[in-house]
Amino acid sequence: MTTGLLTRLHPEALAVARKKLATDGFVITSDHELGLPRTVRETIHRKYFEGGFLRNYPGDIPADRERARDVVRYDWQGDQLSLREHDCVAIDSRGDWSSERREFDRVPLLENRDFAHWIEAAVSLVPEQRRQQRGTFGINLFRTHTNVVTRPHQDQEEFIYVYVVDKRGSGAETELFDVDSDEVVQKETLHPGDLLVFEDRRFRHSTTPLVPPANEPARRDALVCTINYAHTYPLED
């Protein structure tokens, strides 16, 4: 499917984000800056985070995390981007977290036009000189209540995306560490609508625990996505 969204994104913001990602290895932007319709985040939260799609998987870390997953194939033809569901959502390994294959229920996100808009915008942020003509984009929907992650890590994919959809409480400061020096390169508390994209091989990343507001539990709803290497999900056609 093609949504035609790319022609409606803010070209200046898109160019600036691509340049910063190419030079610095990371960029922080927002759905508003990119020109995404305001309905996109509202729809993603209402339909997918509040719509009964999230579930807890035994053995997940942190243990109280709820999640859903999809994998989308993308194809570039010049400046035209097309998307379709990939046939597999399992993860054979994920960085230094696990070497075991993990199976997940698929949530077909391209059925929703607003979510397809978000995916198209996210994939388009990859600098043109770094694009794979065809590849896969993994989408994880995470709801966390206490710890967001347990330690700094890498995912061993090409680019990582962290997009905050909704949040209750404070904390959850995302940190990027230089992979060679372990120096903190960036600290940022992402708010709803904020998007961090970074090149995985250059950084380890972590997020501090959530701090609950008075008299109610904390919650952070986020998309954590990957532009995958070609060997993660080999494409035959």
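The lone criterion from (1) at pLDDT below 95; (2) surrounded by 16 or more Cβ atoms within 10 Å (Cβ to Cβ) left unmet by Val72 is number (1).
Tell me, yes or no, whether region 3-12 has at least one residue that is among the charged types (D, E, K, R), closer than 30 Å to Val179 by Cβ, modelled with pLDDT of 90 or more and surrounded by fewer than 17 Cβ atoms within 10 Å (Cβ to Cβ). No, region 3-12 contains no residue that is among the charged types (D, E, K, R), closer than 30 Å to Val179 by Cβ, modelled with pLDDT of 90 or more and surrounded by fewer than 17 Cβ atoms within 10 Å (Cβ to Cβ).
Sub-7 Å Cβ pairs linking a first residue in region 74-92 that is closer than 18 Å to Ser124 by Cα to a second residue that is among the aliphatic types (A, V, I, L, M) and assigned to a loop (DSSP other than H, G, I, E, B), at least 6 apart or interchain, are Ser82/Met1; Leu83/Met1; Arg84/Met1, ordered by first then second residue.
Working carefully through the options Arg101, Arg67, find the one that is closer than 26 Å to Arg151 by Cα, modelled with pLDDT under 95 and out of contact with any Gly (no Cβ under 8 Å at 6 or more places or on another chain).
Going through Arg101, Arg67 in turn, just one is closer than 26 Å to Arg151 by Cα, modelled with pLDDT under 95 and out of contact with any Gly (no Cβ under 8 Å at 6 or more places or on another chain): Arg101.
Counting only strands (runs of 3 or more DSSP E) that sit completely within region 155-237, those holding 2 or more residues that are of a type in the set (S, T, N, Q) correspond to 184-189, 203-207. Restricting to region 136-154, and then to whatever is assigned to a loop (DSSP other than H, G, I, E, B) and of a type in the set (Ser, Thr, Tyr), can you tell me which residue is farthest from the chain's Cα centre (by Cα)? Ranking the candidates gives Thr146 first.
The values are calculated or read from the model by the stated rules, or taken from the named source; none is laboratory data. In this text, all values refer to a predicted model and were calculated from it rather than measured experimentally. Because the Cβ atoms are built from the backbone with ideal geometry, glycine has one as well, and the counts that use them run over all protein chains shown.
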